[in-house]
1. Hey, what's the Cα Rg ratio for the chain versus the globular rule of thumb, 2.2 N^0.38 Å?
2. Shape verdict for the stretch 145-194, please, from the Cα gyration tensor: rounded (a/c under 1.5), prolate (a/b greater than b/c) or oblate.
3. Below 8 Å between Cα atoms, with a sequence gap of 6+, how large is the relative contact order for the stretch 247-319 in percent?
4. Taking neighbour counts of Cβ atoms within 10 Å as a proxy for exposure, in what order, fewest first, do S193, S227, S202 appear?
5. Output the antiparallel fraction of DSSP beta bridges having both residues in the chain, as a percent to the nearest 5.
6. Quick one: what are the phi-derived ³J(HN,Hα) couplings along the stretch 137-148, Karplus 6.51/-1.76/1.60 with θ = phi - 60°, whole Hz, x for glycine and proline?
7. As an exercise, use a Förster radius of 35 Å and the Cβ-Cβ distance of V97 and E264 to find the FRET efficiency, rounded to the nearest 0.05.
8. Could you bin all the Cα-Cα distances of the stretch 272-325 into 5 Å bins starting at 0 and give me the percent of pairs in each, rounded to whole numbers?
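Derivation of every value follows stated rules applied to the coordinates shown; laboratory data play no part. Not measured: the values here are computed from a predicted model. Using ideal geometry, Cβ is built from the backbone for each residue, glycine included, and neighbour counts are taken over all protein chains shown.
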Amino acid sequence: MVQWYNGIAQLTIPTPFVVGDVHVYVIKEEKLTLVDTGPKTKEAWLSLEGQLKELGIAPEDIKQIVLTHHHPDHAGLIDRFDQAVVLGAAETNRFLVREDAFMEMHDTFYETSFKEIGVPEAYFVLIEKMREPLQALGQRGLDKTVAPHDFVPGAREWKVIETPGHAQGHISLFRERDGLLIGGDMLLAKVSSNPLIEPPFSPQEERPIPQLQYNESLKKLLDLPISSVLPGHGPVVENAHTLIHQRLKKQHERACYVKQLLIEKEATAFELCVALFPSVYRKQLGLTLSETMAQIDYLLSIGEIEQVDLIGDAVVYRALANTKE
Ligand SMILES: [Zn+2]
């Protein structure tokens with residue numbers, strides 16, 4: 001169903017993923033622009049095509065697509081728009097193109113990470129499975145990259161805001177004149193965005209720390225006079241700044257709980273993950289490990305815990321005495 005927000009059309013597309021429907025947006029400026037596409041499924045395509053038709057738009061009328069990030073619920077249908085120029089952040093391209101060298105690094109990276117996290121060998125088969133969401137993407141890469149503070153070519157009211165954390169190449173689009181932000185998965189009303197562990201840009205680099213990036217991105221949004229956020233999922237966010245403060249506070253509280261667990265007993269990230277998500281960690285290992293590492297990374301960054309030891313390749317963490325008391 002098409003909804004309008006200050007001249008921007010919001011289209012809602014079904015996905016086969018747990019997250020449910022995804023929103024994509026049509027901007028009618030100098031160039032007819034689609035922000036995100038929905039997943040690569042027949043249902044999604046029929047739904048997108050139908051809603052574009054309601055707007056009097058044929059798929060071939062779309063001149064450009066801006067991707068907020070590379071995840072399959074957002075970027076799956078780019079193949080359907082041959083004539084459109086695909087734009088996104090440079091970091092997004094490697095996931096879209098999936099060159100052999102990148103996929104090799106991808107697997108090696110998760111193998112090393114699993115070992116450091118202390119994941120039992122029996123779960124290593126899941127690394128292969130991590131490729132699956134990437135296979136649900138299209139077969140083409142970006143045609144053009146956009147950099148922070150750029151205005152979207154052909155939709156020049158919209159400024160690119162770099163908002164990494166949920167995905168490395170995550171961007172949002174901001175329109176100064178009315179404070180509208182097209183936010184991708186940066187800020188969702190009903191759920192907190194998961195800061196996902198992703199490989200570094202090159203094998204020599206350290207892995208990015210998504211929770212810290214995400215918090216920085218949230219703080220960046222506090223500096224913008226946002227009226228509403230048009231999100232990738234769920235209802236429009238009307239009170240962005242209040243929600244951002246809540247999200248930051250909640251995340252700090254979650255981290256404090258993890259520190260409590262470490263005060264009781266030193267542990268590996270995997271042991272913490274099992275303690276935090278006893279009923280879902282098996283089914284959703286990637287997500288729950290990312291969520292656990294997020295709290296560990298945050299606690300390390302504020303000096304509340306430290307790495308003590310290795311058991312095999314697995315890192316063991318310990319809570320530090322609270323110096324402020
Ligand atoms: Zn999403």
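1. Working: Rg = 20.3 Å, N = 325, 2.2 N^0.38 = 19.8 Å.
Dividing the Cα Rg of the chain by 2.2 N^0.38 Å gives 1.02.
2. Working: a/c = 3.15, a/b = 1.46, b/c = 2.15.
Note, shape of the stretch 145-194 comes out oblate.
3. Worked out over the stretch 247-319, it gives 39 percent.
4. On the way: S193 24, S227 14, S202 7.
Taking fewest neighbouring Cβ atoms as first place, the list is S202, S227, S193.
5. On the way: 31 of 43 bridges.
So the antiparallel bridges amount to about 70 percent of the total.
6. With coefficients 6.51, -1.76 and 1.60, one gets 8, x, 10, 10, x, 6, 8, 8, 9, 10, 10, x Hz.
7. Values: r = 46 Å, r/R0 = 1.30.
My answer for the efficiency is 0.15.
8. In order of increasing distance, the bins hold 4, 18, 22, 22, 19, 10, 3, 1, 0 percent.
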